[in-house]
1. Any residue at all in segment 485-498 that is exposed (fewer than 12 other Cβ atoms within 10 Å of the Cβ) and under 26 Å from Gly42 (Cα atoms)?
2. What's the number of the only condition in (1) in contact with a helix residue (DSSP H, G or I) (Cβ under 9 Å, 6 or more places away or on another chain); (2) buried (at least 24 other Cβ atoms within 10 Å of the Cβ); (3) closer than 30 Å to Lys214 by Cβ that Ala334 fails to meet?
3. Right, Leu195: open to solvent by 10 Å² or more (accessible area, probe 1.4 Å), under 29 Å from Gly81 (Cβ atoms), in a helix (DSSP H, G or I) and not charged (D, E, K, R) or not?
4. Could you go through segment 73-81 and let me know if any residue there is crowded, with 22+ Cβ neighbours inside 10 Å, touching a residue at least 60 places away in the same chain (Cβ under 8 Å) and closer than 18 Å to Ser9 by Cβ.
5. Tally the residues that are open to solvent by less than 20 Å² (accessible area, probe 1.4 Å) and either assigned to a helix (DSSP H, G or I) or among the basic types (Lys, Arg) (or both), restricting the search to segment 234-280.
6. What pairs come up if the first residue lies in segment 234-257 and is without any contact (Cβ under 8 Å) to a residue 60 or more places away in the chain, the second is surrounded by fewer than 19 Cβ atoms within 10 Å (Cβ to Cβ) and hydroxyl-bearing (Ser, Thr, Tyr), and their beta carbons are under 7 Å apart, counting only those six or more places apart or on different chains?
7. Quick test of your reading of the structure: Ala313 fulfils all but one of (1) within 21 Å of Gln159 (Cβ to Cβ); (2) open to solvent by less than 10 Å² (accessible area, probe 1.4 Å); (3) in contact with a Leu (Cβ under 9 Å, 6 or more places away or on another chain). Name the failing condition by number.
8. Tell me, please, whether a residue that is open to solvent by 60 Å² or more (accessible area, probe 1.4 Å), over 28 Å from Val161 (Cβ atoms) and among the hydrophobic types (A, V, I, L, M, F, W, C) can be found in segment 49-56.
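The values are calculated or read from the model by the stated rules, or taken from the named source; none is laboratory data. What you see is a predicted model; the values in this text were computed from it and never measured. Cβ placement follows ideal geometry from the backbone for every residue including glycine, while neighbour counts extend to all protein chains displayed. We work out accessible area using only protein heavy atoms, side chains counted, and drop any ligands, DNA or RNA first. Shrake-Rupley method; radii C 1.70, N 1.55, O 1.52, S 1.80 Å.
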Amino acid sequence: MADDPDADSKLELQKIAAAAMGGNAAAVEDLRDRMAGPLTFGTAGLRGPVRAGPNGMNRAVVIRTTAGLAAWLTANGHAGGTVIVGRDARHGSETFFADAAGVLAAAGFDVRALPHPLPTPVVAFAVRKFGAVAGVQITASHNPPADNGYKLYLDAGAQLVPPADREIEAAIRGVPAAVSVPRADTWTTLGDDVLDAYLDRVSLLPKGTARTLKVAATALHGVGAGPLALALNRAGFVDVSLVAEQSVPDPEFPTVPFPNPEEPGATDLLLARASEVDADLAIALDPDADRCAVGIRDRDGSWRMLLGDETGALLGEHILSTVDRVAHPDPLAANTIVSSSLLESIAAKHGVRYDATLTGFKWLVRAGDGAGTGLVYAYEEALGLCVDPDSVRDKDGISAAVLACDLAATLKAAGRGLTDALDDLALAHGVHVTRQVSVRVTDLGRIGQLMASLRAEPPAELAGVAVTMADLRPGADVLRFTGDRVRVVVRPSGTEPKIKSYLQVVAPVAGPDDLESARGQANALLDDLAAAVSEILT
């Protein structure tokens with residue numbers, strides 16, 4: 001409490017400590033959790049509930065984290081370099097943003113702050129545009145309303161990876177009390193020219209000339225609505241209908257229980273809007289606009305959201321079939337070990353190198369040689385799509401949305417749709433169906449117990465298919481089970497209290513008349529596989 005620079009946080013801790021000393025069991029547990037240790041860099045930086053104490057997102061944590069970052073940058077030859085700082089519109093973001101910018105400015109860095117809440121990809125873009133030594137975005141992406149986070153970019157706009165993450169954590173441990181860390185208000189606030197530069201780049205991405213397309217879109221109460229509409233308009237897609245109830249940033253996310261397009265119910269308003277305006281395509285961004293979900297009208301007239309692997313394959317075909325071999329003479333495509341293997345087949349068809357990485361874009365953008373040399377496309381099944389690695393070395397929902405519209409408009413001009421494009425991929429490469437089965441836990445120790453149990457006694461078969469296990473340790477806490485036409489990957493979540501499993505079934509297709517039968521067989525086996533995995537994990 002004495003070391004905290006924020007009066008509200010001090011009062012918060014005083015009340016909890018008083019209740020705990022008075023014997024309140026809930027307060028004792030709350031205090032224990034808050035003091036359980038500092039937040040650490042996970043799959044997407046720091047994330048945690050906005051609350052006082054070292055195990056939460058608060059001013060003291062942000063100030064000490066940023067001081068540690070400044071010390072690490074200085075020790076690694078980047079003293080006085082440019083650092084980009086941005087924020088979303090979550091609870092605490094504006095204050096945390098000012099603290100991060102102030103600490104870096106006082107440490108002698110050339111801090112360039114974005115002018116208002118903007119999508120995370122704009123920060124990643126600005127790091128590359130200005131040749132910055134680092135970028136900080138205050139965001140918790142699609143986490144629940146109570147959370148916030150601290151996302152960090154280093155190497156040319158890529159997220160940090162080991163050993164830098166542990167080195168920075170060590171530097172943070174050496175920082176004095178937050179109340180003693182100097183701050184200054186000498187940073188530079190950028191104008192909207194950085195957003196304009198980003199939008200100009202995105203507007204050049206379409207590969208076709210067709211622009212007749214009616215689009216319904218939502219930002220899920222995040223910061224993406226305005227930039228998405230501007231990006232689509234600048235690219236020539238002017239018939240855009242936003243879900244009004246979700247277009248203004250609101251940290252409470254009042255219309256969705258979880259502001260994640262993957263969550264059941266999150267896109268209900270979007271699909272209703274798409275049906276109402278008779279749209280050709282539906283687009284959902286997550287709150288910081290780094291993820292993009294695509295909705296389509298099926299042949300029976302009903303609307304549904306595509307899985308991340310479906311969108312990933314469609315855009316993979318769209319991009320890899322038109323790679324500029326002058327700019328990228330040896331192109332590379334990548335997805336993660338939990339994503340569909342269909343991209344590997346697509347890449348082979350187009351003579352493009354392929355790599356599968358560990359989960360997270362910090363690994364995807366370093367695919368191949370560890371630096372992502374030649375990377376032209378990357379995606380992960382959790383709706384993350386990197387369609388322009390030369391300018392944004394991370395997932396980017398807005399640029400992905402523009403390319404999805406480009407593909408849909410091109411198909412529409414030819415009298416076809418995305419369902420036809422999915423059929424084309426199945427005929428060329430076989431049916432690939434995927435699904436995620438996750439188990440949320442209240443006791444984090446349960447995750448380790450489940451992983452240990454699977455290692456000690458791996459299943460010999462799943463859904464009647466004989467499988468063998470590969471343990472990816474020490475590189476990653478991941479187990480992979482493979483058998484004839486099936487694959488299951490199990491891992492702890494890096495951002496949520498979950499253990500996740502990723503299922504895939506592949507079925508060959510003899511020809512157009514065999515397509516629906518092959519899909520039916522693949523989905524039936526996938527159902528059986530999901531039931532078997534669920535039983536094991538629970």
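1. Looking for residues that are exposed (fewer than 12 other Cβ atoms within 10 Å of the Cβ) and under 26 Å from Gly42 (Cα atoms), one finds none in segment 485-498, hence no.
2. Every condition holds for Ala334 apart from (3).
3. In short, yes.
4. no
5. Here the count works out to 3.
6. Arg234/Ser203; Glu245/Thr255; Gln246/Thr255
7. Ala313 satisfies all of (1) within 21 Å of Gln159 (Cβ to Cβ); (2) open to solvent by less than 10 Å² (accessible area, probe 1.4 Å); (3) in contact with a Leu (Cβ under 9 Å, 6 or more places away or on another chain) except (1).
8. no
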